[in-house]
Amino acid sequence: MKLCLSILVLPFLSYKNNFSHFPPLCHKSPTIPHCSMATLIGLCIRVKLLRSLPMNFKVFVNIRPGTHASEHAINRQLNDKERVRAALENEHLLGIVNKCISQGIHGNMEVH
């Protein structure tokens, strides 16, 4: 039995179909308004998109408006290249992100 929390659903993934300016915008929904994992889940989504898309694409990952108590602070963290780079320099955190991404690829994590 797979547990699906509907953190990322297709209606909240958008992009402009213009390859000269292609900013995929991903809105994720935390499971509760004070979810302590919101930043980590957002970081995993951002890293997966960055690894999957060509390097010249800009990626924006945001908390869906009104779904988290700290949405503005988390959005700032997730879309700040320097903060993301610093987070991924932490070997333990990078290991967690890689594990999360690999489990998603192998079907242990379901996305609706």
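The values are calculated or read from the model by the stated rules, or taken from the named source; none is laboratory data. Keep in mind the model is a prediction, meaning the values are calculated, not measured. With ideal geometry, Cβ positions are generated from the backbone for all residues, glycine too; neighbour counts draw on all protein chains shown.
Of note:
- Pair list, Cβ under 7 Å, 6 or more apart: region 67-87 residue under 13 Å from Arg46 (Cα atoms), other residue assigned to a helix (DSSP H, G or I) and among the basic types (Lys, Arg): Gln77/Arg83; Leu78/Arg46; Val84/Arg46
- Qualifying residue in region 57-65 (condition: farther than 22 Å from Ile32 by Cα, touching a residue at least 12 places away in the same chain (Cβ under 8 Å) and of a type in the set (D, E, K, R)): yes
- Checking Cys35 against (1) crowded, with 17+ Cβ neighbours inside 10 Å; (2) more than 18 Å from Ile101 (Cα to Cα); (3) modelled with pLDDT of 85 or more, the condition it does not meet: (3)
- Matching residues, region 71-99, being crowded, with 16+ Cβ neighbours inside 10 Å and of a type in the set (Gly, Ala, Ser): Ala87
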